[in-house]
Amino acid sequence: MIVEELDVIRLKVGTEATVLEIFPTEPKYFCQRVDEDDDMFYVTTDEIVKITYKCRKNE
């Protein structure tokens with residue numbers, strides 16, 4: 001699974017989050033929750049269950 005910036009991901013804990021930035025080492029993803037509690041946090045690759053929305057790039 002290739003996760004890119006602005007994709008929406010579902011975590012093992014059931015939370016969905018938008019990927020804001022990707023880093024080369026773990027924790028690899030800086031995210032923001034998509035619900036009313038818009039906390040920002042870091043996520044490791046192992047915490048991701050699936051991509052729920054794939055952001056398209058205009059090229």
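Any read-out appearing in this document is the output of simple, stated calculations on the displayed coordinates, not a laboratory observation. For clarity, every value in this text was computed on a predicted model and none was experimentally measured. We place every Cβ from the backbone using ideal geometry, glycine too, and count neighbours over all the protein chains shown.
Of all the residues in segment 36-54, those that are of a type in the set (D, E, K, R) and over 14 Å from V13 (Cα atoms) number 5.
For segment 38-50, the set of residues classified as under 11 Å from A17 (Cβ atoms) and not hydroxyl-bearing (S, T, Y) consists of D38, D39, M40, F41, V43, E47, I48, listed by residue number.
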